1. With θ set to phi - 60° and the Karplus curve 6.51 cos²θ - 1.76 cosθ + 1.60, what are the ³J(HN,Hα) couplings of the stretch 286-299 in order, to the nearest whole Hz, using x for Gly and Pro?
2. Here is the link list: LYS151/LYS173; LYS42/LYS151; LYS42/LYS291; LYS151/LYS291; LYS78/LYS173; LYS64/LYS279. Which ones come out longer than 32 Å on Cα distance?
3. Determine, for each peptide in 179-189, 118-128, the mean count of other beta carbons within 10 angstrom over its residues, then list the peptides with the highest first.
4. Packing-wise, with mean Cβ within 10 Å as the measure, how do 44-52, 251-259, 212-220 rank, highest first?
5. Could the peptides 222-234, 68-80, 315-327, 296-308 be put in order, highest first, of the mean number of other beta-carbon atoms found within 10 Å of their residues?
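All of the numbers you see were taken from the coordinates with simple rules; none came from a lab. Every value quoted in this text rests on a predicted model; they were computed, and no experiment measured them. Methodologically, a virtual Cβ is constructed for each residue, glycine included, from the backbone with ideal geometry; neighbour enumeration extends over all protein chains shown.
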Amino acid sequence: MQHFGFPMEAILIFITVVAVSIYLDLFAHRKVDEISVADAAKWSVFWIVLALGFYGYLWGRFGKEWADLYLAGYVLEKSLSVDNLMVFMAIFASFGIRSGLQHRILYWGIIGALVFRAIFVLIGTSLFMASPWVGFVFAALVGWSGVQMLKSRGEDEEIEDYSDHWSVRLTGKMMPIYTRLHLDRFFVRHEELFVGREETERQKSVTRLGTLYATPAFLCLATIETSDLAFSFDSVPAVIAVTQEPLLVYAAMIFAILGLRSLYFVLAALTRYLVHLEKAVIVLLFYIAGKMALQSWNHAIGDTGLHISPGTSLMVVLGVLALGVLASFLFPEKKDEGTIGAAKD
């Protein structure tokens, strides 16, 4: 199988579609204070249809095999993002951010993700192409992610306090912080806050005096960006294990990421119902680790005669996720009897 490379036509179409879609999203939500589940669901469908449209373009222009590689990477990134969105919910809760401001913060967080994903994909695919032995390292990383998710399943879920995250402490060392939300602003100037105010009130609302202050909205954004960077170390090797072609990997990840803002508000309402989806994701991570190890063995040590086609990977990813969703509705999580009894009393 030849390399897909970087067809200029595909790059131009990809960039144009992404830029226009982001503009439409921003224009539609420019005066929105609260994001409803219905609105989020409509935009989630829009982003999914857009991703499938690019899949159709790749199939018609370059062939089904390349299109399947892209779609498998897209579906995998989308499913892996669910856990990341759960972390975002905890971060927003820690900083007391309302839904309208959450959408703005997620927008800037995704802009940062576009840049960092490009860097990670370029480095990851370059390493993978440089030596087939790198595939064993990627397989180990993906397998380790599956093990960590498996180990954490039985633990009691507690909302972590992200207000003391290391990124928050680092920001506090670099610049003064205004400890209250100020409209939807990330930064606020000194003269905007303290004209005519008493010195004691200044000391209560800022960490130290300065000319420009970071607000809790910016601290929340910094925490989300650093959390997403950590998530990239799991998701990028997993998608590369399935897709490998740099442009297709990046396109798959970006189309998945662009829909995360809308998906976040949908998942916030549905997360208590999709109780078995995490199990499906764990199964997929172990499958991908095995696939990557097998492929690296075939190239670095000797051909085993076993080869997993892009179409097969796509069917496995879609099938396992579908089973996870179906199982969630057929076998919902049972409420703790003690809790129910206490509630009745």
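1. Taking θ as phi minus 60°, the curve returns 5, 4, 5, 4, x, 4, 5, 5, 5, 5, 5, 4, 4, 8 Hz for the stretch 286-299.
2. Beyond 32 Å: LYS151/LYS173; LYS42/LYS151; LYS42/LYS291; LYS78/LYS173.
3. Taking the mean over residues of other Cβ atoms within 10 Å, the ranking is 118-128, 179-189.
4. Going from most to least packed, we get 251-259, 212-220, 44-52.
5. Packing proxy ranking, top to bottom: 68-80, 222-234, 315-327, 296-308.
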